[in-house]
Amino acid sequence: KMADLPWISVEEVERHSKPESCWLVVNTQVWDLTEFTPNHPGGAEVIYRYAGCDATTEYNAIHAPSLLLDTLTSTKLVGKLETGINIPEQWRITSTNNSKDSRPKPPLETLINAHDFERAASRDFSQKAWAYYSSAATDLITLNANKSFLDRIWFRPRVLRNVRNVDLRIRILGSTDLFLPFFVSPAAMARLAHPEGERAIAAACSAKNVAQCVSTNASFPLKEIAKDTKHPIFFQLYVDNSREKSESLLRVCHEVGVKAIFVTIDTPMAGKREADERVRTNQSISTPMSGVTAKNDAKGGGLARTMGNFIDMSLNWDDLKWLRSVTHLPIILKGIQSAADAQLAMQHDVQGIMISNHGARNLDTSPPSILVLLELHKCCPEIFDTLEVYLDSGIRRGTDILKALCLGATAVGIGRPFLYSLNYGREGIEHLIEILRDELVTSMRMLGVTELSQLHPGLVNTLQIDDAVPGTVGHPYARWRRVLQAKV
């Protein structure tokens, strides 16, 4: 117990600054890392750099607070730093500044849309955090198409409707009530954006009654993220090479009341995200649930690539039987990018699909998500009566959300904008939620609807992109159709 620990002076900590006696201060706790440091997954040098000093800033930027106690025995916690003392100047110099820009952040109230948060994050995030979050695969063609295809859909507003009262509530998966038809999409290592990472997202979502999907590669264990929250939580599962590890994570999901499992099926390996590769990574970065650590190599410092080796590349349709055998929760297949796979999903024991190209981070020139949604209407419209259909990748505005809902999406996921708003901590997440809510309400009133049940495809004009929708489940080139359909 902290109350029983002895007080340790600054002078005493500074005396333990060598490999043979290596103490660090983290969150006012003094730890003896002498035996642990030579085996540190990120290398010994990063710890020796802070020997005899306060490493709180560097540690909190990439690790969950509980990691030290989970990794070391309590005997390595030697005491707590004396309070009311002057911290030595060299301790401040040793600590890392997370921001690229020394200017104060723009006041939160001056940010009025998701793009404002992105601009602020581009100057405030560390170089690595910005490279990791903003990067996408190779030439960024799909990244740009995600947005541009949404922009080429036009509304067909109806007028002279009573739109005084707008209701954004929706029920999904039979029993889960959402107060807004969007949720926070899963994203790895939110702690790169803010020390509270996914915990800050959870606190904001709980306050605003917004659903949150937690990544296997989150910065905190699921139990810490879900603690003392009341909002719906989904879990995004990367199936591990060791199925036992995935089963263990699913047991935790059951314990904390997760509402659904979003199993990622579009990422047998990470895509080539060149902006992320160009910036070397801190090799101390790790994720508690996947148990992997970042590294640099001859290809660069890509976080997703170097930390994604645990993902099972052999995962296939037959494995859904195993997944169903180890969880009773609704299963959503995240990463559907064609009508052919959507049809296969209907043949398996799942409750929904999520159209996603992983935020354009995997295969460049894969189709924008809104185009795949149109493909379902053209090739297998029965899916909307069979499964729930979710969508992410490229959502930035209330109008984007509304277009997806008009075209049959049950709800949408939003990823990068919430990471960028995390630049302002919990308050930033809450502010962005309110911005998106207001944009959605305004757009619905202007469209002439007051409830989500009133939305339908007749309220949008998709003619500018309809020619890009494949007309068959197989490949549109007829002479290859027979061969390709045999491979579906």
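Each of Val449, Ile112, Ile225 was placed along the dipole of the chain (beta-carbon charges, centred on the mean Cα), and the one lying farthest toward the positive end is Val449. A simple packing score, the average count of other Cβ atoms within 10 Å per residue, orders the peptides 110-116, 156-162, 362-368 as 362-368, 110-116, 156-162, with the highest score first. With the Cα gyration tensor of region 250-402 giving a ≥ b ≥ c as the square roots of its eigenvalues, does the rule (a/c under 1.5 for rounded; else a/b larger than b/c for prolate; else oblate) give rounded, prolate or oblate? Oblate, because a/c is 1.5 or more while a/b does not exceed b/c.
Annotation: peptides 213-220, 385-392, ranked by per-residue average of other Cβ atoms within 10 Å with the highest first, follow the order 213-220, 385-392. Surface composition of the chain: carbon plus sulfur atoms hold 51% of the accessible area, using a 1.4 angstrom probe and ignoring ligands, DNA and RNA. Pairs over the 29 Å Cα-Cα cut-off, from the set Lys128/Lys334; Lys227/Lys295; Lys105/Lys245; Lys334/Lys403; Lys227/Lys403; Lys259/Lys321: Lys227/Lys295; Lys105/Lys245; Lys227/Lys403.
Projecting label points 7 angstrom from Cα along Cα→Cβ for Ala207 and Glu109 puts them 1.6 nm apart. Phi-derived couplings, Karplus 6.51 cos²θ - 1.76 cosθ + 1.60 at θ = phi - 60°, listed residue by residue for region 294-303: 6, 7, 10, 8, 5, 8, x, x, x, 5 Hz, with x used for Gly and Pro. Estimated translational diffusion coefficient (Stokes-Einstein, Kirkwood radius over Cα pairs, 4 °C, 1.567 mPa s) of region 185-232: 125 µm² per second.
In percent, rounded to a whole number, the relative contact order of region 251-358 is 29, using alpha-carbon pairs under 8 Å and six or more apart. Taking amide H atoms as placed 1.01 Å from N in the peptide plane, the amide H of Leu237 lies under 5 Å from those of Phe262, Val263, Thr264, each 5 or more residues away in sequence or on another chain. When shorter helices are ignored and each DSSP H run of at least 4 residues is given -39500 (n - 2.57), the per-residue value for the chain at 222 nm works out to -10000 deg cm²/dmol. Taking amide H positions as modeled 1.01 Å from N, with prolines and chain starts lacking one, no residue 5 or more places away or on another chain lies under 5 Å from Phe36. Ordered from largest to smallest accessible area (heavy atoms of protein chains, 1.4 Å probe), the residues Met307, Met269 come out as Met269, Met307. Only beta bridges with both residues in the chain are counted; by DSSP, about 35 percent of them are antiparallel. Legend: residues Trp31, Trp322, Trp7, sorted from most to least accessible area (1.4 Å probe; ligands, DNA and RNA excluded), read Trp7, Trp322, Trp31. When the alpha carbon coordinates of region 197-340 are projected onto the principal axes, the ranges are 43, 37, 31 Å, largest first.
Remark: region 288-444 carries 32 Å² of accessible area per residue (probe radius 1.4 Å; ligands, DNA and RNA excluded).
Using a/c under 1.5 as the rounded threshold, could you call region 124-243 rounded, prolate or oblate? The axes a ≥ b ≥ c are square roots of the C-alpha gyration tensor eigenvalues, and prolate needs a/b larger than b/c, oblate otherwise. Cα axes put region 124-243 in the oblate bin. Rounded to the nearest 20, the size of the Cβ-charge dipole of the chain about its Cα centre is 1160 debye, with Lys and Arg at +1 and Asp and Glu at -1. Rg over Rh for the chain works out to 1.00, using Cα positions for both radii and the Kirkwood form for Rh.
The values are calculated or read from the model by the stated rules, or taken from the named source; none is laboratory data. These numbers were taken from a predicted model, which means no experiment stands behind them. All Cβ positions, even for glycine, are placed from backbone atoms using ideal geometry, and neighbour counts span all protein chains on display. Note: accessible area is taken over every heavy atom of the protein model, side chains too, but ligands, DNA and RNA are not part of it. Shrake-Rupley method; radii C 1.70, N 1.55, O 1.52, S 1.80 Å.
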